[in-house]
C-alpha cells in the first residue's frame, strides 16, 4: 500500500483559489467536527450498522477531499465500499485505518492552524 502525506497543501490551497483565510476557517471546522465524525463511525462499527457506516464514511470522504487528503479519502472510500458490499469481515480493519488517517489529517490541519502556512 502506498503512503501519502496527510495533506497535499499546495493542491488544497489551489482548490480554495489560494484563499488562506478560507482554508483556515474550513480546516478549523473540519478539526472541530472530526471527533463527532469519528464517534459516528465507531458507533456504526460497534453496532455493525453497515448502511450507517457507509453513510458516515461517505461524508468523511467528501470532507477530506476538500483538503486533498488522499490517504484519508482512500481509506474512507474503501470503508464505504466494504460497508455497501456488506463485507462485515473487512470493516473493522478498514475502520482502524480510517481512524489513523483521520488523526494524521487533523494533526496536520492543527499544525497549519496553530503555526501558519509553511514558507
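Bear in mind these aren't lab numbers, they're just calculated from the coordinates by the rules spelled out. Since this is a predicted model, take the numbers as computed values, not measurements. Backbone-built Cβ (ideal geometry, glycine too); neighbour counts: all protein chains shown.
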Legend entry - Inter-site label distance for residue 92 and residue 22 at 7 Å from Cα along Cβ, in nm: 4.4
Legend entry - Protection proxy ranking of 108-119, 77-88 - average other beta-carbon atoms within 10 Å, highest first: 77-88, 108-119
Legend entry - Highest average packing first - 37-49, 55-67, Cβ atoms within 10 Å: 55-67, 37-49
Legend entry - On Cα atoms only, tilt of 50-65 relative to the major axis of the chain in degrees: 10
Inset, instruction - For the chain, just say rounded, prolate or oblate: build the C-alpha gyration tensor, square-root its eigenvalues into a ≥ b ≥ c, call rounded for a/c under 1.5, and beyond that prolate if a/b exceeds b/c, oblate if not. - result: prolate
Inset, instruction - Round to the nearest 10 and give me the degree value, 0 to 90, for the angle of helix 88-115's Cα axis relative to the longest principal axis of the chain. - result: 10
Inset, instruction - Determine the gain in length on full extension of the stretch residue 35-residue 59; use 0.36 nm per residue of separation and subtract their C-alpha separation, reporting nm with one decimal. - result: 7.3 nm
